[in-house]
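Everything on this sheet refers to the single structure shown next.
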Amino acid sequence: QVQLVESGGGLVQAGGSLRLSCAAPRNIFSIIRVMGWYRQAPGEQRELVATITSGGGTNYADSVKGRFAISRDNAKTTVYLQMNSLKPEDTAVYYCRLLTVDQLVSWGQGTQVTVSS
């Protein structure tokens, strides 16, 4: 299990922006295959939001395309999720997920994002 440290959640009005961060230990950069963000709203299943591969390829849920952007730092161990034009339906706990080249999965502790109407 890799320890992931998340930050950046909070309360924002509809139309506003937030940026989430997720940091993995620097010494594992060579075994990271994919990092990404998932979210889980009350009573709902956890769903993919956005991912970025070690090669820089990105993938987004249709519901966030054009509004959210995933990126990473030069060390490739911290990922960011820039969330713009937030909607009340984006309200959820957002979880960072890391997949290693050995297919091991680690999750962050989750950070609450609340969008008021």
**Q.** From Q1, Q45, residue being open to solvent by 40 Å² or more (accessible area, probe 1.4 Å), within 19 Å of Q112 (Cβ to Cβ) and polar (S, T, N, Q)
**A.** Q45
Q) For the range 55-81, what are the residues that are open to solvent by less than 60 Å² (accessible area, probe 1.4 Å) and either in contact (Cβ under 8 Å) with a residue 24 or more places away in the chain or assigned to a strand (DSSP E or B) (or both)? A) Y60, V64, F68, A69, I70, S71, A75, T77, T78, V79, Y80, L81
Q) Mind checking which residues of the range 22-41 are open to solvent by 80 Å² or more (accessible area, probe 1.4 Å) and touching a residue at least 40 places away in the same chain (Cβ under 8 Å)? A) R26, F29, R33
**Q.** Filter result for R19 (open to solvent by 80 Å² or more (accessible area, probe 1.4 Å) and at pLDDT 95 or above)
**A.** yes
Q. Which residues, counting only those in the range 89-114, are assigned to a strand (DSSP E or B) and either open to solvent by 10 Å² or more (accessible area, probe 1.4 Å) or without any contact (Cβ under 8 Å) to a residue 12 or more places away in the chain (or both)?
A. V93, Y95, R97, L99, V105, W107, T111, Q112, T114
Q) Failed condition for I52, given (1) surrounded by fewer than 17 Cβ atoms within 10 Å (Cβ to Cβ); (2) in contact (Cβ under 8 Å) with a residue 24 or more places away in the chain, with all others met? A) (1)
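The values are calculated or read from the model by the stated rules, or taken from the named source; none is laboratory data. Not measured: the values here are computed from a predicted model. Note: ideal-geometry Cβ built from the backbone for every residue, glycine included; neighbour counts use all protein chains shown. Surface areas here come from the heavy atoms of the whole protein model, side chains and all, with no ligands, DNA or RNA. Shrake-Rupley method; radii C 1.70, N 1.55, O 1.52, S 1.80 Å.
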